[in-house]
Amino acid sequence: PFAYLAISSSPADLAACAGIFVRDRYAAGEPVARPPRGARDRIRLGYLSGEFQEQATAHLTAGLYEHHDRDRFEVVAFDNGPGDDSALRRRLLAAFDRHVDITALSDGAAAARIAAEGIDILVSLNGLFGRHRTSVFALRPAPVHVNYLGFPGTMNAAYMDYLIADRTGIPQDEALFYREAVMWLPHSYQIHDDR
């Protein structure tokens with residue numbers, strides 16, 4: 001589906017491509033057990049990525065993790081990448097409340113770990129691109145799943161709830177081709193580090 005974004009400008013065809021790809025490779029599985037949420041003041045926000053290292057998405061998002069309101073959010077990194085010893089990686093990991101390496105875990109074990117962490121909202125920074133773990137999302141480890149930044153199209157998967165976008169990337173009249181509920185940011189969906 002990522003390569004097809006460069007070939008087709010038809011939102012219907014792009015949705016069909018993603019839908020076929022997800023159906024054939026990442027069909028929804030039996031959801032993992034999630035513990036009861038319990039009373040707590042902060043929302044647990046998880047970011048799952050294969051690029052918490054010297055990489056373009058990491059350069060864009062470093063400040064995002066640092067600027068979350070820690071009175072309202074607890075922020076956890078679920079790392080699916082090889083990592084590196086870069087200054088950027090050290091900065092990224094310092095910005096999270098916790099860092100959980102899921103690289104060597106099976107999809108089921110990774111989903112169970114995310115569920116055990118009590119994540120309320122799980123964000124895929126890869127979508128259907130790069131070192132994604134779409135199969136983990138297919139096991140529904142969090143109550144809310146969001147596609148953001150790394151894949152600017154629909155994943156067309158029943159287990160993806162929201163997609164963060166802007167009205168340039170997804171014009172209002174094309175939203176009907178997105179299975180996810182489109183959450184439009186007012187100016188641009190693409191974050192840029194303030195440093």
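The values are calculated or read from the model by the stated rules, or taken from the named source; none is laboratory data. Everything numeric in this text was worked out from a predicted model, so none of it was measured. Counting neighbours? That spans all protein chains shown, and the Cβs are built from the backbone with ideal geometry, glycine included. Quick note on the areas: whole protein, heavy atoms, side chains included, nothing else; ligands and nucleic acids left out. Shrake-Rupley method; radii C 1.70, N 1.55, O 1.52, S 1.80 Å.
Taking 0.36 nm per residue of sequence separation and removing the Cα-Cα distance, the Arg167/His187 pair yields an extension gain of 6.4 nm. I need the shape label for region 104-153. Rule: rounded when a/c is under 1.5, else prolate if a/b > b/c, else oblate, with a, b, c from the alpha carbon gyration tensor. Since a/c reaches 1.5 but b/c is at least a/b, the shape of region 104-153 is classed as oblate. Along the axis of the charge dipole computed for the chain (Cβ charges of +1 for Lys and Arg, -1 for Asp and Glu, origin at the Cα centre), the listed residues Leu60, Ala138, Pro152 are led at the positive end by Ala138. Report summary: the helix-based calculation at 222 nm, which adds -39500 (n - 2.57) for every DSSP H run with n ≥ 4 and divides by the residues of the chain, gives -7500 deg cm²/dmol. What the Cα convex hull of region 2-47 gives, in volume per residue, is 146 Å³. Across region 141-151, rounded Karplus estimates of 3J(HN,Hα) from the backbone phi angles (6.51 cos²θ - 1.76 cosθ + 1.60, θ = phi - 60°) give x, 9, x, 10, 10, 10, 9, 9, 6, x, 10 Hz, Gly and Pro being marked x.
Highest mean first, the peptides 109-116, 17-24, 63-70, 2-9 sorted by other C-beta atoms within 10 Å per residue fall in the order 109-116, 17-24, 63-70, 2-9. Annotation for region 12-87 versus region 124-195: alpha-carbon center distance of 11 Å.
Between amide H atoms placed 1.01 Å from N, distances below 5 Å from Arg44 occur with Glu74, Asp120, Ile121, all of them 5 or more places distant or on a separate chain. According to the calculation over all Cα-Cα pairs in region 91-195, the P(r) per 10 Å bin from zero is 14, 43, 33, 10, 0 %.
Residues within the reach of a label modelled at Arg42 (point 7 angstrom out along Cα to beta-carbon, backbone nitrogen below 17 Å), restricted to region 119-152, are 119-123. Once you order the gyration tensor axes a ≥ b ≥ c over the Cα atoms, which shape class does region 65-149 get: rounded for a/c under 1.5, otherwise prolate or oblate by comparing a/b with b/c? Verdict is oblate for region 65-149.
For region 158-195, the residues whose backbone nitrogen is under 16 Å from a point 7 Å from the Cα of Ala12, taken along Cα to Cβ, are 173-179.
Residue-wise HN-Hα couplings along region 4-16, as the Karplus relation 6.51 cos²θ - 1.76 cosθ + 1.60 with θ = phi - 60° gives them from phi, are 5, 4, 7, 9, 10, 10, 8, x, 5, 5, 5, 5, 5 Hz; Gly and Pro carry x.
Across the chain, Cα-Cα distances exceeding 20 Å account for 54% of all pairs.
Basic side chains Lys and Arg get +1 at the Cβ, acidic Asp and Glu get -1 at the Cβ, and with that the dipole of the chain about its Cα centre reaches some 400 debye.
Just the protein heavy atoms count here, and of the accessible area of the chain at 1.4 Å, carbon and sulfur take up 54 percent. With all protein chains kept in place, the per residue accessible area of region 43-118 amounts to 41 square angstrom at a probe of 1.4 angstrom. The label point for Asp194 and the one for Asp84, both projected 7 Å from the Cα toward the Cβ, are 2.6 nm apart. Amide H contacts under 5 Å for Leu139: Gly29, restricted to partners 5 or more places along the chain or on a different chain, H placed in the peptide plane at 1.01 Å from N.
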